[in-house]
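Here the structure comes first, spelled out in structure tokens, and everything after it is commentary.
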Amino acid sequence: MSAGASNWIIATGQVWKLYVAVAGFAGSLVCFTVAFFSLGASGGQFLGMIACGTFLAVATFVWLTAVLRCPHCLAKLVWKMVSSRPHTSWLIDLAALDRCPACGRLLDRADRLEE
């Protein structure tokens, strides 16, 4: 963790969870893309790829909701953001956190040194 981290998620060492979620959602997008292009072919992959893409997207969201937590109050950050923010901005607000939305714990130098 860098000493100059200003984002709360980066400072708590949880940014890797966001990267895993991005990879999961990208995999889901790949499944949907393959399903779209399989419509032109005579193969029966369409429903299978749609099912795989949907499962991967839902599983990724559920996983991210369960694992991205405040290390102090153990609040589920994704669920807190989804339930309290508009659907158009919860992800942007999550990426720009400077404090826990549940307990309000600020990002300070002592927290960064503990992690």
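List the pairs whose first member sits in region 43-60 and is touching a residue at least 24 places away in the same chain (Cβ under 8 Å), whose second member is open to solvent by 40 Å² or more (accessible area, probe 1.4 Å), and whose Cβ atoms are under 7 Å apart, counting only residues at least 6 apart or on separate chains? Close Cβ pairs satisfying both conditions: GLY53/PHE32; ALA57/PHE25; THR60/PHE25.
Rundown of residues vs (1) modelled with pLDDT of 85 or more; (2) in a helix (DSSP H, G or I); (3) touching a helix residue (DSSP H, G or I) at 6+ places or on another chain (Cβ under 7 Å), yes/no style:
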position: SER2; (1), (2), (3): no, no, no
position: GLY24; (1), (2), (3): yes, yes, yes
position: PHE36; (1), (2), (3): yes, yes, no
position: GLY43; (1), (2), (3): no, no, no
position: GLY53; (1), (2), (3): yes, yes, yes
position: PHE61; (1), (2), (3): yes, yes, no
position: THR65; (1), (2), (3): yes, yes, yes
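The values are calculated or read from the model by the stated rules, or taken from the named source; none is laboratory data. Please read all numbers here as calculations on a predicted model, not as lab measurements. For neighbour counting, all protein chains shown are included, and Cβ atoms are generated from backbone atoms with ideal geometry for every residue, glycine included. Calculation scope for accessible area: heavy atoms of the full protein, side chains included, ligands and nucleic acids excluded. Shrake-Rupley method; radii C 1.70, N 1.55, O 1.52, S 1.80 Å.
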